[in-house]
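So the structure is just underneath, and the comments pick up after that.
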Amino acid sequence: MPTVEEAILTAIEFENRVRDTYRGAETAATDDTGRRVFKLLADEEQGHIDYLESRLKQWRDDGTITVESMDSVVPPLEKIAERQQDLQKGLEGNDRGNEIKMLQKAHELELKTSEFYSEMVEAMEADVKKMFARFVEIEDGHVAVVRAEIDALSGSGYFFDFAEFNMEG
């Protein structure tokens with residue numbers, strides 16, 4: 001089991017990788033909507049880094065962790081679902097292969113990050129556990145929004161891994 005300091009340092013590494021992926025995707029995106037989404041997610045990841053660094057400092061200073069609230073810019077899943085159809089209409093006829101690849105990379109990193117936080121919830125105690133539990137919630141939201149973007153861009157007929165229609169009667 002990692003120490004609290006090791007867990008926070010590892011979390012910072014995960015957040016840096018995800019943030020850097022979104023920043024690279026923002027630069028490479030071919031339209032304004034893609035750039036805005038990637039910037040929004042990169043900025044949120046930077047907020048996570050700042051938060052974790054402040055908790056690390058507190059831990060090093062006095063051996064405690066005070067859990068402060070963290071909001072997320074990612075809307076609830078219901079709101080994402082409501083906007084899915086509009087998003088797909090706005091993307092019809094455009095080649096988005098590069099953005100899909102960037103999103104797939106981000107999706108993979110978000111899944112790994114969420115998995116790490118889930119493991120820390122199991123391994124840690126008290127306020128440290130609470131802090132990582134909030135990160136699980138936020139990262140699960142990131143996974144969902146990235147998955148929805150991939151589904152919309154690819155026109156796969158899936159939304160949140162569920163078929164939107166069934167060809168078998």
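The values are calculated or read from the model by the stated rules, or taken from the named source; none is laboratory data. These numbers were taken from a predicted model, which means no experiment stands behind them. FYI the Cβ positions are ideal-geometry reconstructions off the backbone, even for glycines, and counts take in every protein chain you see.
A compact table of results
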{"read-out": "Every pair of residues 6+ apart whose Cβ atoms lie under 6 Å, when the first sits in segment 46-74 and is touching a residue at least 40 places away in the same chain (Cβ under 8 Å) and part of a helix (DSSP H, G or I) while the second is surrounded by 15 or more Cβ atoms within 10 Å (Cβ to Cβ) and charged (D, E, K, R)", "value": "H48/E15"}
{"read-out": "Boolean, T64 is of a type outside the set (D, E) and either on the phi > 0 side of the Ramachandran plot or more than 13 Å from the chain's Cα centre (by Cα) (or both)", "value": "yes"}
{"read-out": "Yes/no for E149 being out of contact with any Lys or Arg (no Cβ under 8 Å at 6 or more places or on another chain), part of a helix (DSSP H, G or I), of a type in the set (D, E) and free of Cβ contacts under 8 Å to residues at least 40 places away in the same chain", "value": "no"}
{"read-out": "Of all residues making up segment 109-136, the number that are out of contact with any helix residue (DSSP H, G or I) (no Cβ under 7 Å at 6 or more places or on another chain), touching a residue at least 60 places away in the same chain (Cβ under 8 Å) and among the acidic types (D, E)", "value": "1"}
{"read-out": "Segment 9-21 residues that are under 15 Å from F38 (Cβ atoms), paired with ones that are of a type in the set (A, V, I, L, M, F, W, C) and at pLDDT 95 or above (beta carbon under 8 Å, 6 or more apart)", "value": "R19/I49"}
{"read-out": "Only one of V67, V128, V73 that is of a type outside the set (D, E, K, R), modelled with pLDDT of 90 or more and surrounded by fewer than 17 Cβ atoms within 10 Å (Cβ to Cβ)", "value": "V67"}
{"read-out": "Residues (modelled with pLDDT under 65, of a type outside the set (S, T, N, Q) and either within 22 Å of E45 (Cβ to Cβ) or in contact with a helix residue (DSSP H, G or I) (Cβ under 9 Å, 6 or more places away or on another chain) (or both)) located in segment 80-108", "value": "I80, A81, R83, L87, G90, L91, R96"}
